[in-house]
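Take a look at the structure below.
The values are calculated or read from the model by the stated rules, or taken from the named source; none is laboratory data. Source: prediction; values computed, not measured. Note: ideal-geometry Cβ built from the backbone for every residue, glycine included; neighbour counts use all protein chains shown.
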Amino acid sequence: MAHMNAPRTMLAKIWDEHEILRHPSGPSLLYIDRDMIHEGSFHAFADLKRRGLRPRRPRQIFGVADHYVPTLGRTSRDAASPAIARMIDTFDENMEWGGVRHFGLSSRSQGIVHVVAPEQGITLPGLTIVCSDSHTSTQGALGAIAFGIGQSENAHVLATQTIWQLRPKTMRVTINGTLGQGVTAKDVMLALIAKIGAAGAGGHAIEFAGQVVRDMSIEGRLTLCNMSIEAAARFGMVAPDETTFNYVRGRNYAPNEEEWDAAVSHWRELVSDADAVFDREVVLAGAEIAPMVTWGTSPEDAVSIEGRVPDPSAFDSADKRKAAAKSLEYMELAPGTELSGLKLDKVFIGSCTNSRIEDLRAAAAILKGRKAKIQAIVVPGSTQVKEQAEAEGIATIFREAGFEWRDSGCSMCAAMNGDVVGPGERCASTSNRNFVGRQGPGARTHLVSPAMAAAAAITGCLTDVRRV
Amino acid sequence: MKAFTKETSTVIAVPGVNCDTDQIIPGRFLKADRAQGYGQFLFHDIRRTEAGELDPSFPLNQPGAVRSTILLVEDNFGCGSSREGAVYALVDHGIRAIIGPSFGDIFFNNALKNGLVPVRLSAENCDRLADYLSRFPEAEVTVDLENSELVLPGNLGHHPIVIDAFARECILQGLDEIEMTFTYMEKIKAFETERMASHAWLAR
Ligand code: SF4
């Protein structure tokens with residue numbers, strides 16, 4: 001608080017506002033405004049029960065079932081196995097026990113936690129939000145400090161509504177100009193991670209800035225912040241502006257009309273001061289970014305769809321040469337292969353990266369009047385997105401193109417609910433991780449945007465969306 | 001949490017940059033109760049062949065590996081998913097410290113909360129250590145948290161262990177963080193009352 005008058009970043013302002021105290025040895029005790037819970041949180045609940053504790057502030061905790069839920073049916077009996085069904089039932093029991101408001105499988109507010117939280121107005125500018133999920137960074141897109149935590153930290157938040165945390169360094173990623181046709185927030189992130197590396201923003205909070213970000217919808221900004229963690233940044237943020245306020249207004253857990261003006265005038269003060277200093281600056285030219293695709297098993301293994309599979313020997317570091325060679329073996333790809341034209345087995349449109357209404361619209365625009373050549377599934381990010389897409393006629397376009405139109409959940413992004421890509425199968429996926437085995441043992445993932453995924457479905461191979 | 005002061009052991013070198021938590025424990029095992037023990041899931045898929053048998057060339061499967069309580073890893077170890085199961089798997093397998101150039105931020109924190117000590121060592125020194133261990137697999141390393149010092153074998157020297165003082169104190173004493181935070185409850189409540197006064201909608 002000593003530097004109250006020095007220029008501050010948005011991160012610093014929100015951090016200072018939530019700092020209850022600072023321990024002499026460094027970390028801040030931060031107040032947590034809202035904590036999101038999903039099925040994986042059962043370890044934290046077991047911990048509370050062992051201690052004889054209960055959630056201290058249940059009204060500031062929200063539960064959503066997403067990781068294990070079936071996408072063909074809306075009861076735990078539809079789950080892929082009894083063990084998965086038990087995860088969903090245990091979740092409901094824990095939420096009841098803790099007195100926590102939750103959006104279970106049959107709720108119309110259910111969906112992937114990072115899609116639901118902004119949609120419900122749980123995520124708001126200026127808040128601190130945690131969830132025991134690494135993609136909590138997504139929610140910083142509204143101008144919040146939002147970060148993923150583990151189950152021990154989650155138990156701590158449930159018991160105290162606080163967390164001990166070291167303030168991260170700051171990195172500003174400025175994306176200037178405008179994006180070309182067919183280029184989306186997903187492509188920006190794959191280009192960024194390819195440039196700085198999967199460990200490139202470790203220990204940093206990223207603030208996204210520049211004309212491309214200002215012009216971007218909330219959906220796009222959520223995609224940017226979502227993938228911050230793939231560059232090792234636990235926090236992604238975008239300064240709140242009119243786009244943000246218009247998005248937030250009237251949502252269920254947002255300030256009401258009487259409180260609105262005061263809330264907005266406070267939120268306006270949160271943006272980084274013009275002369276605030278960031279620890280690191282990265283600049284991208286929007287116009288230079290092409291639709292991207294990954295060839296390997298780390299999100300940093302991304303190139304333009306016009307590119308080729310690299311030769312591992314071309315990398316600077318010995319570690320990367322080894323890793324790339326291993327990736328190519330797993331992906332069954334030879335150096336020099338053109339990515340465009342690579343045959344696929346499946347297409348998955350979904351996940352907290354790319355399953356919001358705008359993503360589905362972009363895919364549908366490509367699919368309209370065309371047919372998928374390979375198995376393709378769409379899993380809307382939330383039940384509300386699903387309903388909206390049905391009302392807009394988008395669901396019909398997907399169905400007529402031969403896509404399976406599923407119920408909302410994490411599904412094939414993490415393959416925990418039984419929706420998997422088979423061993424050796426190649427999948428174009430709008431999710432965020434192309435890790436070995438992520439979509440199922442032996443599965444081969446190529447990360448792309450929703451429009452690119454749609455283009456891939458109609459040709460049966462990786463395809464430059466600008467040419468369909 | 002089990003207190004940690006000092007650990008001396010042979011070392012298992014696990015290769016691969018960006019070794020994500022999906023590799024440390026595949027998602028399908030995360031449904032298990034902790035009481036079952038997570039050690040059986042450690043590196044489950046990558047330590048096996050396609051046929052599902054233990055791959056004798058994987059470092060963890062080599063004779064002598066069972067005695068090691070320290071891992072040597074490459075850059076960005078534990079990136080990806082926040083699953084604390086990755087740390088449970090390591091801890092339940094008996095691993096007490098991990099040496100590497102960098103770690104995923106959430107993994108790093110999860111490790112500290114479970115008494116598993118992540119030690120950051122420059123990539124250069126990690127390479128030197130890996131090279132040394134390939135020649136002298138029986139060489140031992142000491143993670144001396146009490147003196148904040150990593151003692152490497154041969155002439156590889158002593159290196160400072162840099163962990164924030166708060167986490168270090170907690171681990172040295174095996175302190176329970178929730179209990180410790182409860183001692184600040186008055187301050188927390190005062191802060192909360194003030195915050196709710198201006199943000200009534202937060203807890204509605
Ligand atoms: S959609 Fe995928 S990345 Fe997002 S929360 Fe679910 S499993 Fe995690």
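Going through (1) touching a Lys or Arg at 6+ places or on another chain (Cβ under 8 Å); (2) within 13 Å of chain B (Cβ to nearest Cβ); (3) in contact (Cβ under 8 Å) with a residue 40 or more places away in the chain; (4) hydrophobic (A, V, I, L, M, F, W, C) one by one, A:TRP15 falls short only on (2). If you filter region A:420-431 down to residues that are crowded, with 24+ Cβ neighbours inside 10 Å and of a type outside the set (A, V, I, L, M), you find that the one that is farthest from A:LEU339 (Cα to Cα) is A:SER431.
Being within 9 Å of chain B (Cβ to nearest Cβ) and free of Cβ contacts under 8 Å to residues at least 60 places away in the same chain is the filter here; which residues of region A:20-38 pass it? Across region A:20-38, the qualifying residues are A:LEU21, A:PRO24, A:SER25.
The helices (runs of 4 or more DSSP H) falling completely within region B:104-196 that include 1 or more residues that are farther than 26 Å from B:TYR88 by Cα and at pLDDT 95 or above map to B:123-135. When you look at A:ALA276, is it surrounded by 17 or more Cβ atoms within 10 Å (Cβ to Cβ) and not assigned by TED's automatic domain parsing to the domain that holds A:ALA428, yes or no? Taking the combined requirement at face value, the residue satisfies it. Within region B:78-102, being within 23 Å of A:HIS43 (Cα to Cα) and outside any helix (DSSP H, G or I) holds for B:GLY78, B:CYS79, B:GLY80, B:SER81, B:SER82, B:ARG83, B:GLU84, B:GLY94, B:ILE95, B:ARG96, B:ALA97. Taking A:GLY73 as the residue in question, decide whether it is at positive phi and buried (at least 24 other Cβ atoms within 10 Å of the Cβ). Criteria not met by A:GLY73.
Within region A:444-468, residues that are within 21 Å of A:SER351 (Cβ to Cβ) reach partners that are at pLDDT below 95 with beta carbons closer than 6 Å, at six or more positions or on different chains, in the pairs A:ALA455/A:VAL468. Is region A:68-85 home to any residue that is touching a strand residue (DSSP E or B) at 6+ places or on another chain (Cβ under 7 Å) and either assigned to a helix (DSSP H, G or I) or more than 20 Å from A:ALA144 (Cα to Cα) (or both)? Among the residues of region A:68-85, not one is touching a strand residue (DSSP E or B) at 6+ places or on another chain (Cβ under 7 Å) and either assigned to a helix (DSSP H, G or I) or more than 20 Å from A:ALA144 (Cα to Cα) (or both), which makes the answer no.
Here is a yes/no grid of residues against (1) in contact with a strand residue (DSSP E or B) (Cβ under 9 Å, 6 or more places away or on another chain); (2) under 18 Å from A:ALA185 (Cβ atoms); (3) within 14 Å of chain B (Cβ to nearest Cβ); (4) among the aromatic types (Phe, Trp, Tyr):
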| site | (1), (2), (3), (4) |
| --- | --- |
| A:TYR253 | yes, no, yes, yes |
| A:HIS266 | no, no, yes, no |
| A:SER272 | yes, no, no, no |
| A:VAL283 | yes, yes, no, no |
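Matching residues to (1) of a type in the set (D, E, K, R); (2) touching an Asp or Glu at 6+ places or on another chain (Cβ under 9 Å); (3) free of Cβ contacts under 8 Å to residues at least 24 places away in the same chain:
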site	(1), (2), (3)
B:ILE106	no, yes, no
B:LYS113	yes, yes, no
B:ARG120	yes, no, no
B:GLU124	yes, no, yes
B:PRO137	no, no, no
B:VAL162	no, no, no
B:ALA165	no, no, yes
B:ILE171	no, no, no
B:THR193	no, no, yes
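Of the residues A:ILE193, A:ILE175, the single one that is within 14 Å of chain B (Cβ to nearest Cβ) and closer than 20 Å to A:ARG280 by Cβ is A:ILE193.
Looking at region A:93-144 only, could you name the residues that are within 14 Å of another protein chain (Cβ to nearest Cβ), away from the ligand (no atom under 15 Å from the Cβ) and in contact with a Leu (Cβ under 7 Å, 6 or more places away or on another chain)? Once the filter is applied, which keeps residues that are within 14 Å of another protein chain (Cβ to nearest Cβ), away from the ligand (no atom under 15 Å from the Cβ) and in contact with a Leu (Cβ under 7 Å, 6 or more places away or on another chain), region A:93-144 yields A:LEU124, A:PRO125, A:GLY126, A:THR128, A:ALA144. Condition check for A:GLY150 on (1) at the interface with chain B (Cβ under 9 Å from one of its Cβ atoms); (2) among the small types (Gly, Ala, Ser); (3) away from the ligand (no atom under 15 Å from the Cβ): one failure, at (3). Filtered by the rule that a residue be among the β-branched types (Val, Ile, Thr) and within 14 Å of chain B (Cβ to nearest Cβ), region A:438-468 gives a lone residue, A:THR445. Annotation note: of B:THR181, B:THR193, the sole residue that is closer than 27 Å to A:PRO55 by Cα and more than 9 Å from chain A (Cβ to nearest Cβ) is B:THR193. Restrict the check to region A:233-247 and report whether at least one residue is surrounded by fewer than 15 Cβ atoms within 10 Å (Cβ to Cβ), outside the structural domain of A:HIS135 (by TED's automatic domain parsing) and not acidic (Asp, Glu). Yes, because at least one residue in region A:233-247 is surrounded by fewer than 15 Cβ atoms within 10 Å (Cβ to Cβ), outside the structural domain of A:HIS135 (by TED's automatic domain parsing) and not acidic (Asp, Glu). When residues in region B:84-100 are screened for being facing another protein chain (nearest Cβ under 9 Å) and either more than 16 Å from B:GLN40 (Cβ to Cβ) or β-branched (Val, Ile, Thr) (or both), 2 of them pass.
Taking A:ALA199, is it under 20 Å from the mean Cα position of the chain (by Cα) and within 12 Å of another protein chain (Cβ to nearest Cβ)? Criteria met by A:ALA199. If I filter region B:43-77 down to residues being under 14 Å from the mean Cα position of the chain (by Cα) and not in a loop (DSSP other than H, G, I, E, B), which single residue comes out as farthest from the other protein chains (Cβ to nearest Cβ)? That would be B:ILE70.
Look at region A:146-173: where a residue is over 30 Å from A:VAL188 (Cα atoms) and a partner is basic (Lys, Arg), sitting 6+ places away or on another chain with Cβ atoms under 8 Å, you get A:SER152/B:LYS113; A:GLU153/B:LYS113; A:LEU158/A:ARG56; A:ALA159/A:ARG51; A:ALA159/A:ARG56; A:THR160/A:ARG56; A:GLN161/A:ARG56; A:GLN161/A:ARG57. Of all residues assigned to region B:14-28, at least one qualifies as being part of a loop (DSSP other than H, G, I, E, B), within 10 Å of chain A (Cβ to nearest Cβ), within 14 Å of the chain's Cα centre (by Cα) and surrounded by 18 or more Cβ atoms within 10 Å (Cβ to Cβ). Taken over region A:417-427, the criterion of being in contact with a Leu (Cβ under 7 Å, 6 or more places away or on another chain) and either within 16 Å of the ligand (Cβ to nearest atom) or in a loop (DSSP other than H, G, I, E, B) (or both) is satisfied by A:CYS427 alone.
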